[in-house]
Each structure stands twice: as C-alpha cells, then as structure tokens.
Amino acid sequence: MAAPTLTKAEFPSTGIHKKKTTGYSTVIVFSPDVDGTFEVNVNGTRGQVPTNWKGKITKKVADGIWLSDKLEVTHEEEKKGRVKVAAGGSTEDVAVTVSNSTDTSPPVITKDVPTIP
C-alpha cells in the first residue's frame with residue numbers, strides 16, 4: 001500500500017483542546033485516497049515537547065473529504081522552565097498526517113489553529 005496523499009487539514013473555529021481531560025477535538029482532512037480505517041496524527045509546534053493528538057477517521061463528508069471528530073490529546077505540551085500558561089486560548093501551527101496500515105503521508109501544516117487551554 002502506498003503512502004496516502006494529504007492535501008489540506010481544517011479545524012473548526014472553536015479550536016482544539018490542549019488538555020487530556022477536556023474532551024475530543026475535530027479535524028477535517030482532504031485526501032483522495034483515505035478511508036475509514038486511517039489514523040490521524042496532529043502535532044503542535046509550541047513548547048519543549050509539543051502537544052500530540054491522535055484519532056481515526058470517523059466519517060466521510062464528501063469525495064476526498066474526511067472527518068475525525070474523536071481526536072484525543074495523547075501528550076500534553078511541556079514547557080521549558082516555569083513559563084505560565086495563558087488563561088485564555090491562543091493559536092498554534094500544527095502538522096497533520098494520515099496513516100494507513102503500512103505508511104504515513106507527508107505532514108501538512110495548518111497555521112494559526114485556535115487552541116482551548
């Protein structure tokens with residue numbers, strides 16, 4: 001099986017959760033060769049060790065457009081030193097990949113995704 005092609009990823013304007021205890025997040029991926037068995041991986045870019053989210057494709061939206069509405073935080077962001085986390089949400093650039101049983105797509109960067117602390 002060849003590596004899947006991922007052309008774009010979009011997140012709802014409500015944002016993605018940054019904590020393990022705050023629920024699921026949603027992403028829409030655009031790919032001509034994804035199906036309901038594929039895994040979605042999202043990696044943040046902030047902190048010494050960024051936030052990581054994982055999930056599976058949960059629904060086909062249209063041809064080449066897929067939903068994953070069960071993204072879970074698998075690793076919370078680790079900051080250097082004693083940097084305080086802002087009380088309100090912020091934005092973060094994230095890298096999104098999709099994986100089939102044998103391969104992973106090259107990452108697609110989505111800029112300024114709203115985050116929910």
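The values are calculated or read from the model by the stated rules, or taken from the named source; none is laboratory data. Computed from a predicted model, the values in this text were never measured in an experiment. Heads up, the Cβs are rebuilt from the backbone with ideal geometry, glycines too, and the neighbour counts pull from every protein chain shown.
Note down all Cβ pairs under 6 Å where the first residue falls in segment 48-64 and is within 18 Å of Lys79 (Cβ to Cβ), the second is surrounded by fewer than 14 Cβ atoms within 10 Å (Cβ to Cβ), and they're at least six residues apart or on different chains.
Between residues of segment 48-64 that are within 18 Å of Lys79 (Cβ to Cβ) and residues that are surrounded by fewer than 14 Cβ atoms within 10 Å (Cβ to Cβ), the close pairs are Gln48/Glu78; Gln48/Lys80; Val49/Glu78; Asn52/Thr74.
Suppose the filter is under 21 Å from Lys111 (Cα atoms), out of contact with any Pro (no Cβ under 9 Å at 6 or more places or on another chain), modelled with pLDDT under 95 and of a type outside the set (Val, Ile, Thr); does Pro50 pass it? Steps first, answer last, please.
Details: under 21 Å from Lys111 (Cα atoms): yes; out of contact with any Pro (no Cβ under 9 Å at 6 or more places or on another chain): yes; modelled with pLDDT under 95: yes; of a type outside the set (Val, Ile, Thr): yes.
Taking the combined requirement at face value, the residue satisfies it.
Does Glu10 qualify as being touching a Pro at 6+ places or on another chain (Cβ under 9 Å) and on the phi < 0 side of the Ramachandran plot? Explain how you work it out, then say what you get.
Values: touching a Pro at 6+ places or on another chain (Cβ under 9 Å): no; on the phi < 0 side of the Ramachandran plot: yes.
In short, no.
Out of the residues in segment 1-43 meeting the condition of being charged (D, E, K, R), exposed (fewer than 15 other Cβ atoms within 10 Å of the Cβ) and within 15 Å of the chain's Cα centre (by Cα), tell me which one is nearest to Lys79 (Cα to Cα). Walk me through it before giving the result.
The first filter runs over segment 1-43 and keeps only residues charged (D, E, K, R), leaving 8, 10, 18-20, 33, 35, 39.
From what is left, the residues that are exposed (fewer than 15 other Cβ atoms within 10 Å of the Cβ) are 8, 10, 19-20, 35.
Among the residues that remain, those that are also within 15 Å of the chain's Cα centre (by Cα) are: 8, 10, 19-20.
On the way: Lys8: 28, Glu10: 26, Lys19: 14, Lys20: 16 Å.
The residue in question is Lys19.
Just one of the numbered conditions (1) outside any strand (DSSP E or B); (2) farther than 14 Å from Ala95 by Cβ; (3) at pLDDT 95 or above is not true of Pro12; which one?
(3)
Any idea which of Thr97, Thr115, Thr110, Thr74 is in contact with a Lys or Arg (Cβ under 6 Å, 6 or more places away or on another chain), surrounded by 17 or more Cβ atoms within 10 Å (Cβ to Cβ) and either within 13 Å of Lys19 (Cα to Cα) or modelled with pLDDT of 90 or more (or both)? Step through it out loud before you land on a result.
Values: Thr97 fails: in contact with a Lys or Arg (Cβ under 6 Å, 6 or more places away or on another chain); Thr110 fails: in contact with a Lys or Arg (Cβ under 6 Å, 6 or more places away or on another chain); Thr74 fails: surrounded by 17 or more Cβ atoms within 10 Å (Cβ to Cβ).
Only one candidate passes the filter, namely Thr115.
If the requirement is being under 14 Å from Pro117 (Cα atoms) and in contact with a Ser or Thr (Cβ under 7 Å, 6 or more places away or on another chain), which of these qualifies: Val73, Val96?
Working: Val96 fails: under 14 Å from Pro117 (Cα atoms).
The unique qualifying residue is Val73.
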